[in-house]
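**Q** Have a look at this one before I ask anything.
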């Protein structure tokens, strides 16, 4: 009986060894023929990974500024707070987030990622909802009113130079310029109408003062 | 010489049978899971996809509420989880059967219009521009349609999925015929046991493949289209890997049983 059991085990072990050899042989063949392709696909799949940091819990992010090059040395991550916007004349203060998607501007002011940052000497674009905590009172701003951006790398003061009502399709009015620093803030308009709003209220402000963090 | 040739032929057949088995197991598993309309609909239900999607739709719609000057209460009960489920059924069916995809948002629009009218009346608000309100309703309906249909991305796989299913069906039939022919050849011409080695090989390959897949791909971090569909895919992939591992274990057991039974049977003879 024991002999028979040992014999059966022997056969199974032999079969397992052959199967293992077959498996290894097949793996070697696959690796030699399409190993590179498989590796490439795996890298691609692993690249389809998005960190979702947007939301009320987004932590404020420290970013540094290269004052020689007049450029940020490190950029904020998508959906994180990197500054605070303060407009004393309309008593508004809100966090500025990186990005201006609807998901982001639900929580605060959205910074259009394709625009520049305070101190870089070009156009900075901020967008927000016309809600009471954000840009509802933007149409009350007058020329000469101060707008302050408190970034982790410095404080930038702007002065309102112009206001405009545009169509939501008018992107020319929000064009990015690199020859002067200008802060553009916009929100949906008219504020007191219910339903879809196809106009935008735009405020333009020029840089009048800057203080860099040492 | 003849014995040696038979031996080489025997192992060659077993090697081919192992590959055929592996393909058969993989394709059948795919056909019964990802490529099965019923399975996918069941999984959508099991993973709570409709409830998750319902919350996301409401979240997305509330983005438009802030700018509209209305209150979030206008979104109350404008759609239900059952409505999403029904629409998802329509979409999945149209993808798997290559039919036209139509999501009817009339009911949602009607509910929203009623809620808005009630809100305006309650707060004594007069609408100066009805077009703005109509566009708002259309916008909310678009959010629903876009979220349920995954922004039309499912259209990309619509025509292709149907073809893939046909090819897989043909391949499974061809592999089954090959398996039968090879098994008969091994059994009656070479007079050897048939399944043990191919089963063991397939099981080894599945174990190694699953281990490699789990360790080289970060399944939990995959982000495709949106959070809901990503977590759904993550769950489906995990289930698929567990199922394959289970199949590998079963194949191992069957292989061992075949050897044991044949040995006992041979000794009795």
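**Q** For the condition without any contact (Cβ under 8 Å) to a residue 24 or more places away in the chain, more than 10 Å from chain A (Cβ to nearest Cβ) and in contact with a helix residue (DSSP H, G or I) (Cβ under 7 Å, 6 or more places away or on another chain), what is the one hit in B:237, B:246, B:241, B:233?
**A** Working: B:246 fails: in contact with a helix residue (DSSP H, G or I) (Cβ under 7 Å, 6 or more places away or on another chain); B:241 fails: without any contact (Cβ under 8 Å) to a residue 24 or more places away in the chain; B:233 fails: in contact with a helix residue (DSSP H, G or I) (Cβ under 7 Å, 6 or more places away or on another chain).
Step by step, each of B:237, B:246, B:241, B:233 is checked, and only B:237 is without any contact (Cβ under 8 Å) to a residue 24 or more places away in the chain, more than 10 Å from chain A (Cβ to nearest Cβ) and in contact with a helix residue (DSSP H, G or I) (Cβ under 7 Å, 6 or more places away or on another chain).
**Q** Of the conditions (1) in a loop (DSSP other than H, G, I, E, B); (2) buried (at least 16 other Cβ atoms within 10 Å of the Cβ); (3) touching a residue at least 12 places away in the same chain (Cβ under 8 Å), residue A:201 satisfies every one except a single condition; which number is it?
**A** (1)
The rows are residues; the columns are (1) closer than 14 Å to residue A:87 by Cβ; (2) loosely packed, with under 14 Cβ neighbours inside 10 Å; (3) in the same structural domain as residue A:106 (by TED's automatic domain parsing).
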site: A:138; (1), (2), (3): yes, no, yes
site: A:144; (1), (2), (3): yes, yes, yes
site: A:153; (1), (2), (3): no, no, yes
site: A:156; (1), (2), (3): yes, no, yes
site: A:160; (1), (2), (3): yes, no, yes
site: A:166; (1), (2), (3): no, no, yes
site: A:171; (1), (2), (3): no, yes, yes
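**Q** Here's another thing I want to ask about it. Does residue B:229 satisfy the criteria of being surrounded by 16 or more Cβ atoms within 10 Å (Cβ to Cβ) and part of a helix (DSSP H, G or I)?
**A** Working: surrounded by 16 or more Cβ atoms within 10 Å (Cβ to Cβ): yes; part of a helix (DSSP H, G or I): yes.
For residue B:229, the condition - surrounded by 16 or more Cβ atoms within 10 Å (Cβ to Cβ) and part of a helix (DSSP H, G or I) - is met.
**Q** Right, something else. On the given criteria, is residue B:101 assigned to a helix (DSSP H, G or I), touching a residue at least 12 places away in the same chain (Cβ under 8 Å) and either surrounded by 14 or more Cβ atoms within 10 Å (Cβ to Cβ) or in contact with a helix residue (DSSP H, G or I) (Cβ under 9 Å, 6 or more places away or on another chain) (or both)? Reasoning before the result, please.
**A** Values: assigned to a helix (DSSP H, G or I): no; touching a residue at least 12 places away in the same chain (Cβ under 8 Å): yes; either surrounded by 14 or more Cβ atoms within 10 Å (Cβ to Cβ) or in contact with a helix residue (DSSP H, G or I) (Cβ under 9 Å, 6 or more places away or on another chain) (or both): yes.
Spelling it out, it is not the case that residue B:101 is assigned to a helix (DSSP H, G or I), touching a residue at least 12 places away in the same chain (Cβ under 8 Å) and either surrounded by 14 or more Cβ atoms within 10 Å (Cβ to Cβ) or in contact with a helix residue (DSSP H, G or I) (Cβ under 9 Å, 6 or more places away or on another chain) (or both).
**Q** Any idea which of B:215, B:169, B:220 is surrounded by fewer than 16 Cβ atoms within 10 Å (Cβ to Cβ), out of contact with any strand residue (DSSP E or B) (no Cβ under 9 Å at 6 or more places or on another chain), touching a residue at least 24 places away in the same chain (Cβ under 8 Å) and outside any loop (DSSP other than H, G, I, E, B)? Even if it seems obvious, please write down each step before you answer.
**A** On the way: B:215 fails: touching a residue at least 24 places away in the same chain (Cβ under 8 Å); B:220 fails: touching a residue at least 24 places away in the same chain (Cβ under 8 Å).
The match here is B:169.
**Q** Further question on the same structure: Could you list all residues from the stretch B:191-223 that are more than 9 Å from chain A (Cβ to nearest Cβ), at pLDDT below 85 and within 16 Å of residue B:10 (Cβ to Cβ)?
**A** Scanning the stretch B:191-223 gives B:191, B:192, B:194.
**Q** Right, another one. Read through the list (1) away from every other protein chain (no Cβ under 13 Å); (2) in contact (Cβ under 8 Å) with a residue 60 or more places away in the chain; (3) surrounded by 16 or more Cβ atoms within 10 Å (Cβ to Cβ); (4) part of a helix (DSSP H, G or I), then give the number of the only condition that residue B:79 fails.
**A** Just one mismatch for residue B:79, condition (4).
**Q** Assigned to a helix (DSSP H, G or I), within 14 Å of chain A (Cβ to nearest Cβ) and in contact (Cβ under 8 Å) with a residue 12 or more places away in the chain: is that true of residue B:73 in this structure? Give the steps one after another, and end with the answer.
**A** Details: assigned to a helix (DSSP H, G or I): yes; within 14 Å of chain A (Cβ to nearest Cβ): yes; in contact (Cβ under 8 Å) with a residue 12 or more places away in the chain: yes.
Answer is yes for this residue.
**Q** Within the stretch B:140-151, does at least one residue satisfy the condition of being in the same structural domain as residue B:47 (by TED's automatic domain parsing), part of a loop (DSSP other than H, G, I, E, B), surrounded by 14 or more Cβ atoms within 10 Å (Cβ to Cβ) and touching a helix residue (DSSP H, G or I) at 6+ places or on another chain (Cβ under 9 Å)?
**A** yes
**Q** While we're looking at this one, here's another question. Just to be sure, is residue B:8 under 30 Å from residue B:173 (Cβ atoms) and either away from chain A (no Cβ under 14 Å) or outside any loop (DSSP other than H, G, I, E, B) (or both)?
**A** On the way: under 30 Å from residue B:173 (Cβ atoms): yes; either away from chain A (no Cβ under 14 Å) or outside any loop (DSSP other than H, G, I, E, B) (or both): yes.
It is true that residue B:8 is under 30 Å from residue B:173 (Cβ atoms) and either away from chain A (no Cβ under 14 Å) or outside any loop (DSSP other than H, G, I, E, B) (or both).
**Q** Could you list all residues from the stretch B:35-70 that are outside any helix (DSSP H, G or I) and either within 14 Å of chain A (Cβ to nearest Cβ) or buried (at least 20 other Cβ atoms within 10 Å of the Cβ) (or both)?
**A** The initial filter retains those residues of the stretch B:35-70 that are outside any helix (DSSP H, G or I), namely B:35-36, B:47-48, B:69-70.
Residues satisfying the conditions are B:69, B:70.
**Q** Restricting attention to the stretch A:9-27, does a residue exist that is farther than 19 Å from residue B:207 by Cα, more than 8 Å from chain B (Cβ to nearest Cβ) and loosely packed, with under 12 Cβ neighbours inside 10 Å?
**A** Among the residues of the stretch A:9-27, at least one is farther than 19 Å from residue B:207 by Cα, more than 8 Å from chain B (Cβ to nearest Cβ) and loosely packed, with under 12 Cβ neighbours inside 10 Å, which makes the answer yes.
**Q** Shifting gears a bit: Here is a list: B:186, B:264, B:208, B:177. Which entry is touching a residue at least 12 places away in the same chain (Cβ under 8 Å) and either outside the structural domain of residue B:49 (by TED's automatic domain parsing) or assigned to a helix (DSSP H, G or I) (or both)? Write out each step before concluding.
**A** Numbers: B:264 fails: touching a residue at least 12 places away in the same chain (Cβ under 8 Å); B:208 fails: touching a residue at least 12 places away in the same chain (Cβ under 8 Å); B:177 fails: touching a residue at least 12 places away in the same chain (Cβ under 8 Å).
Step by step, each of B:186, B:264, B:208, B:177 is checked, and only B:186 is touching a residue at least 12 places away in the same chain (Cβ under 8 Å) and either outside the structural domain of residue B:49 (by TED's automatic domain parsing) or assigned to a helix (DSSP H, G or I) (or both).
**Q** Ok, one more. Being in a helix (DSSP H, G or I), free of Cβ contacts under 8 Å to residues at least 24 places away in the same chain and either farther than 20 Å from residue B:59 by Cα or in contact with a helix residue (DSSP H, G or I) (Cβ under 8 Å, 6 or more places away or on another chain) (or both) is the filter here, so list the residues in the stretch B:119-137 that pass it. Write out each step before concluding.
**A** Within the stretch B:119-137, the first condition is being in a helix (DSSP H, G or I), and the residues that meet it are B:119-122, B:130-137.
Retained after the next criterion (residues that are free of Cβ contacts under 8 Å to residues at least 24 places away in the same chain): B:120-122, B:130-135.
Matches in the stretch B:119-137: B:120, B:121, B:122, B:130, B:131, B:132, B:133, B:134.
**Q** Is it fair to say residue B:30 is away from chain A (no Cβ under 14 Å) and either buried (at least 19 other Cβ atoms within 10 Å of the Cβ) or outside any helix (DSSP H, G or I) (or both)? I'd like the intermediate steps shown before the answer.
**A** On the way: away from chain A (no Cβ under 14 Å): yes; either buried (at least 19 other Cβ atoms within 10 Å of the Cβ) or outside any helix (DSSP H, G or I) (or both): no.
Here the answer is no, as residue B:30 does not meet what is asked.
**Q** Let me spell it out: the conditions are (1) under 22 Å from the mean Cα position of the chain (by Cα); (2) at pLDDT 90 or above, and residue B:153 meets all of them except one. Which number is the exception?
**A** With respect to (1) under 22 Å from the mean Cα position of the chain (by Cα); (2) at pLDDT 90 or above, residue B:153 is out only on (2).
The values are calculated or read from the model by the stated rules, or taken from the named source; none is laboratory data. Here the structure is a predicted model, which means the values were calculated and not measured. Cβ: placed from backbone, ideal geometry, glycine included. Neighbour counts: every protein chain shown.
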